[in-house]
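The values are calculated or read from the model by the stated rules, or taken from the named source; none is laboratory data. Owing to the predicted nature of the structure, the values given are computational and were not obtained by experimental measurement. Heads up, the Cβs are rebuilt from the backbone with ideal geometry, glycines too, and the neighbour counts pull from every protein chain shown. For the accessible areas, the whole protein counts, side chains as well, though only heavy atoms, and no ligand, DNA or RNA atoms are used. Shrake-Rupley method; radii C 1.70, N 1.55, O 1.52, S 1.80 Å.
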Amino acid sequence: QVQLVESGGGLVPAGGSLRLSCAVSGRTSENYYMGWFRQAPGKEREFVAGILWSNGRTYATHSVKGRFTISRDNAKNTVYLQMNSLKPEDTAVYYCAARGNIYIALASKDYDCWGQGTQVTVSS
C-alpha cells in the first residue's frame, strides 16, 4: 500500500514561492501517476499538476502553468510542487495523490491513495 506524506505548506505573501514535498513509501513499481490537487474552502478538490513516475512526463492545468512545476526525485522517492508567483486565489489545502497506472487522470475519484494535505495560504 502506497503511503504519501506532504510537507512544505505555509503562509506566504502574494508573489512569493513555496515548494511542497510528497514523500512516497510502499511503491513497488514505476507504473504510478502522481498528482497534486488542491481544495479551497467551499470548493471542490481540483487537479493542479501531475507526473508519470516512470518517465517524468508532466502536465499542469492552465491556471498554474508557467507558475507551478511538478517534479520527482527517484532516489528520495519524493514528488515536489514548486510554486512561484503565488496569488491569493492559490490559497487551499494541497494534497498529493497516487494512482496505480500510467495514465493521467484529472478527477480525484480516479486516485487510489492520498496524503493528509498541507495548508498553503497566500496573503494579499
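Annotations for the structure displayed:
- Cysteines without a disulfide-compatible neighbour (Cβ-Cβ under 4.7 Å), the chain: CYS113
- The chain - percent relative contact order, Cα under 8 Å, separation 6 or more: 36 percent
- In Hz, Karplus ³J(HN,Hα) per residue of the range 110-124 (6.51, -1.76, 1.60; θ = phi - 60°; x = Gly, Pro): 8, 9, 8, 10, 9, x, 7, x, 9, 7, 10, 10, 10, 8, 8
- Pairwise centroid distance, computed over Cα atoms, of the range 1-23 with the range 36-69, Å: 13 Å
- Longest exposed-site-free window of the chain, the sites being GluC sites (Glu not before Pro) in a DSSP loop that have at most 16 other C-beta atoms within 10 Å: 45-124
- Near THR58, once Lys and Arg are set to +1 and Asp and Glu to -1 for all other residues with Cβ below 11 Å from its Cβ, the sum equals +3.
- Net charge in the neighbourhood of THR91 (other residues with Cβ under 11 Å of its Cβ; Lys, Arg +1, Asp, Glu -1) is +1.
- For the range 17-115, the carbon plus sulfur part of the accessible surface works out to 46%, probe radius 1.4 Å.
- For the range 24-89: rounded, prolate or oblate by the Cα gyration tensor [a/c cutoff 1.5]: prolate
- Length released on extending from ALA107 to SER54, taking residue separation times 0.36 nm less the Cα-Cα span: 17.0 nm
- Mean shadow area of the chain over all directions, Cα convex hull, nm²: 6.8 nm²
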